[in-house]
Structures are given as C-alpha cells and as structure tokens.
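The values are calculated or read from the model by the stated rules, or taken from the named source; none is laboratory data. Keep in mind that what you see is a predicted model, and the values were worked out from it rather than measured. As a convention, Cβ positions derive from the backbone with ideal geometry for all residues, glycine included, and neighbour counts pool all protein chains shown.
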Amino acid sequence: AQKVTQAQTEISVVEKEDVTLDCVYETRDTTYYLFWYKQPPSGELVFLIRRNSFDEQNEISGRYSWNFQKSTSSFNFTITASQVVDSAVYFCALKETGGFKTIFGAGTRLFVKA
Amino acid sequence: DSGVTQTPKHLITATGQRVTLRCSPRSGDLSVYWYQQSLDQGLQFLIQYYNGEERAKGNILERFSAQQFPDLHSELNLSSLELGDSALYFCASSADGGSYNEQFFGPGTRLTVL
C-alpha cells in the first residue's frame, strides 16, 4: 500500500539557517512520482517539484534543493538560508503509475523567525 | 494564482443541511480532483474526474457526491452535514490526470458546520 511519512510535525528555525524536511514513502510499484507542495498561510497549495522514480538526480532551484534516495525511500527537501517567507506547511506526496490517487503526507509546518 | 477558481470562499451552515461547492479548473486542464483538509485527518483525496467521467475515488463519504460538467467545471455536493464535515475543501486540476502531472490547487472553500 502507498504511504507517505513526514515525521517532523513542526520545525522552527531562525532566518538564514538551513533546514531539511524529511519525507519517507512506501510503495510496491517500481514506477511512481513524488511531489512537494507548499501551503503558505494564505492557504493555497503550491506545486514545488515532481520527481519520477527513475530519476535519482538531485535537483536545485535557487535556495531549494531535493535529495531523492531510492535505497532509503526518501525524498528530502532542503531550504538553504531560510527566509521568513518560507514559513508554511510543506507536503510530500506520492502517486503510483496507473494509480489515480495522490497520497499526501501529514505535512511539516516550518516557522522561520526573523 | 494557480488559475483554479473555487466558490464560495467561506460557507457557514447548520447540521443536516446540504451545500454545493464549485470549482473551475485551469484553462485546458481536463482533470479535476477534490480534497478535504481537516486538522485531524490532514489532506485527504476525495474523488477525481477526467473529462466528465469519474476516474478515482478516495475517502469520500456516501453523503458526498461530485460531478464534472461538459464545460469541465466541477461541483462537490455535501449533504446531511455533520459537525465533523467542517474543513477546508480544495479543488485541484491537472492537464490530463496522468500520474506524472502536478496538480494546481484552488484557494479552497472553508466549510463551517454549526
């Protein structure tokens, strides 16, 4: 069965600190897709990144980077030099090929203090 | 702005009542998803439609129903409302509903059942 675990419920950091949000997933499929979404205080979920199971290259986008490790079923998200605007709830999600449900983790609430 | 619109933004009603939530997907997107976000259950997938046809069902109660119309907008109907139905209801859309497609979320409808 599909499952996404975000063990960190809340993280609090001071501006300019680096922070890593953990995501561990379970699936029996060999082909699947992983996603990260951000939900700022305004409430609307915003797509950040998609990764398919055959692409284990890490990705960097500005201050954001993602580390996908199939061997440990993890897809972790790092924010470098965090800013107050990064304060949000971050969701990791999994979708199997041929499956139509997207399974979201419980989310990690990130507080960045000035 | 994701391009997905949802109305109304807020809805306050009483137990036992019926409400309809409306969603217009991004221009060109054929697939619509409905999610319920509550404090205790997190983000739960309810149902997906693709080009007017139901494609997948998640944790949707029998008191809830949805449809997607020929113009691709969708409605989620919630009936015999209970206090526990109070939540944020999100609509999302994607290009064609494939596993690899990221979803674009609307701003949500906050439902309060008194």
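Observations on the model:
- Among the residues making up the range B:16-31, a single one is outside any loop (DSSP other than H, G, I, E, B) and modelled with pLDDT under 95: B:31.
- If you go through the range B:26-35 and pick out every residue that is within 14 Å of residue B:60 (Cα to Cα) and either basic (Lys, Arg) or within 11 Å of chain A (Cβ to nearest Cβ) (or both), you end up with 2.
- The one condition in (1) within 11 Å of another protein chain (Cβ to nearest Cβ); (2) under 29 Å from residue A:1 (Cβ atoms) that residue A:72 fails to fulfil: (1)
- Listing of strands (runs of 3 or more DSSP E) fully contained in the range A:34-78 that carry 1 or more residues being exposed (fewer than 13 other Cβ atoms within 10 Å of the Cβ) and without any contact (Cβ under 8 Å) to a residue 24 or more places away in the chain: A:59-61, A:64-69
- The sole residue among B:69, B:90 that is of a type outside the set (Val, Ile, Thr) and within 8 Å of another protein chain (Cβ to nearest Cβ) is B:90.
- The range B:29-51, residues that are loosely packed, with under 15 Cβ neighbours inside 10 Å and closer than 22 Å to residue B:96 by Cβ: B:51
- Test: residue in the range A:43-52 that is at pLDDT below 95 and in contact with an Asp or Glu (Cβ under 6 Å, 6 or more places away or on another chain): yes
- Scope the range B:15-41; condition within 17 Å of residue B:1 (Cα to Cα) and acidic (Asp, Glu); matching residues: B:29
- Counting only residues that are at pLDDT 90 or above and within 11 Å of another protein chain (Cβ to nearest Cβ), the range A:10-33 holds 2 of them.
- Pick from the range A:82-114, criterion in a strand (DSSP E or B) and of a type in the set (Lys, Arg), ranking: nearest to the other protein chains (Cβ to nearest Cβ): A:95
- The listed residue being hydrophobic (A, V, I, L, M, F, W, C) and under 12 Å from the mean Cα position of the chain (by Cα), out of B:56, B:14, B:92: B:92
- Only listed residue being within 16 Å of residue B:4 (Cβ to Cβ) and not small (Gly, Ala, Ser), chosen from B:100, B:89: B:89
- Among (1) of a type outside the set (Gly, Ala, Ser); (2) in contact with a Leu (Cβ under 6 Å, 6 or more places away or on another chain); (3) more than 9 Å from chain A (Cβ to nearest Cβ); (4) under 26 Å from residue A:41 (Cα atoms) - the single one residue B:17 does not satisfy: (4)
- All positions within the range B:55-94 that are part of a loop (DSSP other than H, G, I, E, B), touching a Leu at 6+ places or on another chain (Cβ under 7 Å) and surrounded by 15 or more Cβ atoms within 10 Å (Cβ to Cβ): B:58, B:60, B:72, B:86
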